[in-house]
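Since the structure comes first, as structure tokens, the remarks are kept for the end.
The values are calculated or read from the model by the stated rules, or taken from the named source; none is laboratory data. All figures in this text were calculated on a predicted structure; none of them were measured in a lab. When we count neighbours, we look across all protein chains shown, and the Cβ atoms used for this are built from the backbone with ideal geometry, even at glycine.
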Amino acid sequence: MLKKIVYKSWTSVLKTSFFAKCADKITGSKWSSKLIPWYIKHYQVSETTINRPLSEYKSLQDFFTRKMDLSAIKFEQSDKIYVSPVEARVKDFGQITKDKKFFIKDNYYSLVELLGDDTIDTSNSHFIILYLSPKNYHRFHAPISGKYNMLRKLGKQSYPVNDAATTYIDGLFTKNHRGVYQMNDDFYVPVGALNINSIQETFENGSTVSAGDELGYFNFGSTVVLFFMNKSIEWSEGIKKEQPINLGDKVATIISDRG
């Protein structure tokens, strides 16, 4: 209980707009580029996600939002297969309950609050939470081909999204700044952290994209939540809680719609 009180007190400072502006200014400054070698070593950033000489990155934030060479990644172009839209760690996955809730580490979350929509039908629906740590590549992509729409932006504050925050901050993902996208008949929710403007879209709203196409990037720590609505799916064998997942890895296969 004491740890929770202390953590919530500290993060109440971190989520303020003043702190966010300071962090944005510092990480975006030219001198912050000197921290890049330390950052790579400290967080054990994979060299495969770095495709430019370090001297070309203008700031730590420029490095954090770097693009990656995707030529070696084969994205499944099937209307039945979902692939991972990010390089991340599987935080949790499972089925949405009849009362429109899903659970992470024994804490429940309201899908209605997260999406800002109380009319959704959650019968035979599923979710997966993908957490991006500081070492990961922070651009996010389409997990399946189809039409993508930005429905709304929600959340006026941004807590961290690390393990401690998931444990100690009640309803974390329904508080943080987030985007709500419609992905065909499903939902795609990028959740930002620390900075209220941490999510930047790079796709054209209402456009049809292919699996693997870039949708946007995070300026700060982040999580992506996918919801597979009103269909029977089969999870990939590689999907396990707390296990890393690579961009483009198979996540799930659609068995039947409205099943």
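The sole residue among Ile26, Ile81 that is β-branched (Val, Ile, Thr), surrounded by 12 or more Cβ atoms within 10 Å (Cβ to Cβ) and at pLDDT below 90 is Ile26. Output yes when any residue across segment 34-45 is touching a helix residue (DSSP H, G or I) at 6+ places or on another chain (Cβ under 6 Å) and of a type in the set (Val, Ile, Thr), and no when none is. There is at least one residue in segment 34-45 that is touching a helix residue (DSSP H, G or I) at 6+ places or on another chain (Cβ under 6 Å) and of a type in the set (Val, Ile, Thr).
How about segment 231-259: which of its residues are loosely packed, with under 13 Cβ neighbours inside 10 Å and either of a type outside the set (Ser, Thr, Tyr) or in a loop (DSSP other than H, G, I, E, B) (or both)? If you could, list the steps in order and put the result at the bottom.
Going residue by residue through segment 231-259, those that are loosely packed, with under 13 Cβ neighbours inside 10 Å are 234, 237, 240, 242-243, 255-259.
The answer is Glu234, Glu237, Lys240, Glu242, Gln243, Ile255, Asp257, Arg258, Gly259.
Val90 fulfils the conditions (1) assigned to a loop (DSSP other than H, G, I, E, B); (2) touching a strand residue (DSSP E or B) at 6+ places or on another chain (Cβ under 9 Å); (3) among the aliphatic types (A, V, I, L, M) except for a single criterion, (1).
Put simply, of Leu115, Leu132, Leu154 the only residue that is crowded, with 23+ Cβ neighbours inside 10 Å and of a type outside the set (Val, Ile, Thr) is Leu132. Against the criterion of being within 19 Å of Ser84 (Cβ to Cβ) and touching a residue at least 40 places away in the same chain (Cβ under 8 Å), Asn219 does not qualify.
Of the listed requirements (1) in a helix (DSSP H, G or I); (2) touching a Ser or Thr at 6+ places or on another chain (Cβ under 6 Å), Tyr131 misses just one: (1).
Residues of segment 219-230 that are in a strand (DSSP E or B) and out of contact with any helix residue (DSSP H, G or I) (no Cβ under 8 Å at 6 or more places or on another chain): Ser222, Val224, Leu226, Phe228.
Among residues of segment 92-108 that are assigned by TED's automatic domain parsing to the domain that holds Ser236 and within 19 Å of Ser236 (Cα to Cα), those with a beta-carbon under 9 Å from a residue that is exposed (fewer than 14 other Cβ atoms within 10 Å of the Cβ) and at pLDDT below 90 at least six positions away or on a different chain give the pairs Asp92/Lys105. Condition first: at pLDDT 95 or above, part of a loop (DSSP other than H, G, I, E, B) and within 21 Å of Asp249 (Cα to Cα). Can you find one or more residues in segment 188-197 that meet it? Looking through segment 188-197, none of the residues is at pLDDT 95 or above, part of a loop (DSSP other than H, G, I, E, B) and within 21 Å of Asp249 (Cα to Cα). With respect to Leu54, is the statement that it is farther than 13 Å from Asn246 by Cα, of a type in the set (A, V, I, L, M, F, W, C) and outside the structural domain of Ile128 (by TED's automatic domain parsing) true? Yes; evaluated as a whole, the condition is true for this residue. Check whether at least one residue in segment 221-230 is modelled with pLDDT of 90 or more and under 17 Å from Met68 (Cβ atoms), and report yes or no. Scanning segment 221-230 turns up at least one residue that is modelled with pLDDT of 90 or more and under 17 Å from Met68 (Cβ atoms).
Output the residues belonging to segment 29-72 that are polar (S, T, N, Q) and either under 20 Å from Gly216 (Cβ atoms) or in a helix (DSSP H, G or I) (or both). Matches in segment 29-72: Ser32, Ser33, Thr48, Thr49, Asn51, Ser55, Ser59, Gln61, Thr65.
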